[in-house]
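Rule-based calculations on the coordinates, nothing more; no lab input. Predicted model, so just to flag it, every value in this text is computed and none were measured. Please note: Cβ atoms are built from the backbone with ideal geometry, for glycine as well, and neighbour counts cover all protein chains shown.
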């Protein structure tokens, strides 16, 4: 390994994908402490990368361009970064990502053997059927380190926020009179309708929690959840605190870190909860719960409906009561 060159991890996916690479970066940093570690990702992934302290450099690749424009984007990236990388570990499975790595001239290009891209790789890893849906994504990524002799099973994810993030969250908690309250984080929606809870079910769950538990519900998420929260306000008999669209990504991580428990659909907020070790109940409307849900089902739970979008609020509360409140002995900020 050339110590003067960078080791890059390529993940052309959004926030949750990048959070799940945190164990890969920890492992690489421990093995190669003198090499700069870099991430090659898309605009939606850059934000999450700032929560992984092992990353030294961040390189943006615009995958939205298709056809000839997409080929030009690959050539442009390769020209700007040719000879910069000793090794690129490619975590996604597209032909384009392998082609991009090949054109940078990296000495080693490690990735999955699929989509006719083996000739572009120096180290190709078999893609097994079980890895399609039945292996947690962080574990799947960890297996891509096998050619380097660095594979370790069951890698946990992590996410670091800053002291500035925590100061901002503390201001918000004070503003909403939430200091010293037991917080239940809630993210029932995301930008994909297929993953989003029905308004009526979310409202019923909020009302049930407010009448039977001592948690104060805080709704988290970006601007894509704000509209759902606004509609939810009109349906709920009792109130919740709407933090959607009010926090930056690191601040959202800090807010979730301060929650005793978290309930979420399959979105990046769920991955943040797992990364900061807040116990979570994740709601799925597809069969990807093994891949994208919590691997540790002792401290976390899942609830699944594969035939519709309705979720029984009583069953969801039952799952919530099966997990313990978070232990706040540690601080995860940096």
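A few remarks follow.
- Label point distance in nm, residue 299-residue 239, each placed 7 Å from Cα along Cα→Cβ: 3.3 nm
- Relative contact order, percent, region 163-321 [alpha-carbon distance under 8 Å, six or more residues apart]: 25 percent
- C-alpha long axis of helix 199-212 to longest principal axis of the chain, angle in °: 60 degrees
- Rounded, prolate or oblate (a/c below 1.5 giving rounded, otherwise prolate when a/b exceeds b/c) for region 6-148 by Cα gyration tensor: rounded
- Spacing of the modelled spin labels on residue 314 and residue 207, each 7 Å from Cα toward Cβ, amounts to 1.5 nm.
- Computed FRET value (nearest 0.05) for residue 82 with residue 248, which takes r as the C-beta separation and R₀ as 22 Å: 0.05
- 5 Å binning of all Cα-Cα separations within region 197-334, expressed as whole percents from 0 upward: 2, 10, 20, 24, 24, 15, 5, 1, 0
- Once you reduce region 42-91 and region 177-222 to the center of their Cα atoms, the two points are 36 Å from each other.
- Cβ-based exposure ranking for 271, 81, in which fewest neighbours within 10 Å come first: 81, 271
- Footprinting exposure proxy for 85, 285 (fewest neighbouring C-beta atoms within 10 Å first): 285, 85
- Ordering 259, 187, 236 from the fewest to the most neighbouring beta carbons within 10 Å gives 236, 259, 187.
- Evaluated at q = 0.15, 0.17, 0.18, 0.24 Å⁻¹, the base-10 log of the normalised Debye intensity for region 231-291, with identical point scatterers placed on the Cα atoms, takes the values -0.53, -0.67, -0.74, -1.08.
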